[in-house]
Amino acid sequence: MNKEKPSVTTDTLNFLRHNVYNVSDLTRKNKLTEILQKFVQPTDEVFVIENAKNKEAKAAMIDLKYFEDLLRYKEAVDQAADQIIEEEAIKRLNDGTPKLKFTDAFSNDDFDFDEVIKESKD
């Protein structure tokens, strides 16, 4: 899988400046209440909170309705993927000639959904 480096724009810098908070800043400066007030009206604004001592400990704070919408999209994509895989498995079972063995599809830690879709179309 070829991953390109994301480009840094002024939008990126503005997001980092205004929407990324250290957990200590939230508790000391009463920023949490200020951020929560922004969610009184529906919004797609996102805030990132991270622990200064452990950069891996981070989370996104988003509007609950927006999060619900994102979950619905994810559920729809998961359901569509399951359906495609099931249809392809039935088709290959009926053909009797599997092109891609199950063990080959999941043989390494790099599971590439796009590659599985491409293989199913071939």
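The values are calculated or read from the model by the stated rules, or taken from the named source; none is laboratory data. The model shown is predicted, which means the values in this text are computed figures rather than measured ones. Quick reminder, even Gly has a Cβ in these numbers, built from the backbone with ideal geometry, and neighbours come from all protein chains shown.
Selection of segment 22-44 for residues being charged (D, E, K, R) and within 25 Å of the chain's Cα centre (by Cα) yields Lys38, Asp44. Annotation note: Cβ proximity below 8 Å between a residue of segment 12-39 that is modelled with pLDDT of 85 or more and a residue that is hydroxyl-bearing (Ser, Thr, Tyr) (sequence gap 6+ or interchain) occurs for Lys31/Tyr21; Ile35/Tyr21. Given the criteria modelled with pLDDT under 90, of a type in the set (Ser, Thr, Tyr) and assigned to a helix (DSSP H, G or I), does Thr103 qualify? So Thr103 passes the test. Scanning segment 21-59 for residues being out of contact with any Phe, Trp or Tyr (no Cβ under 6 Å at 6 or more places or on another chain) and under 23 Å from Asp69 (Cβ atoms) gives a total of 14. Scanning segment 44-67 for residues that are over 14 Å from Phe15 (Cβ atoms), surrounded by 11 or more Cβ atoms within 10 Å (Cβ to Cβ) and either of a type in the set (Asp, Glu) or touching a Lys or Arg at 6+ places or on another chain (Cβ under 9 Å) (or both) gives Asn51, Asp63.
Being surrounded by 10 or more Cβ atoms within 10 Å (Cβ to Cβ) and assigned to a loop (DSSP other than H, G, I, E, B), is that true of even one residue in segment 72-83? No, segment 72-83 contains no residue that is surrounded by 10 or more Cβ atoms within 10 Å (Cβ to Cβ) and assigned to a loop (DSSP other than H, G, I, E, B).
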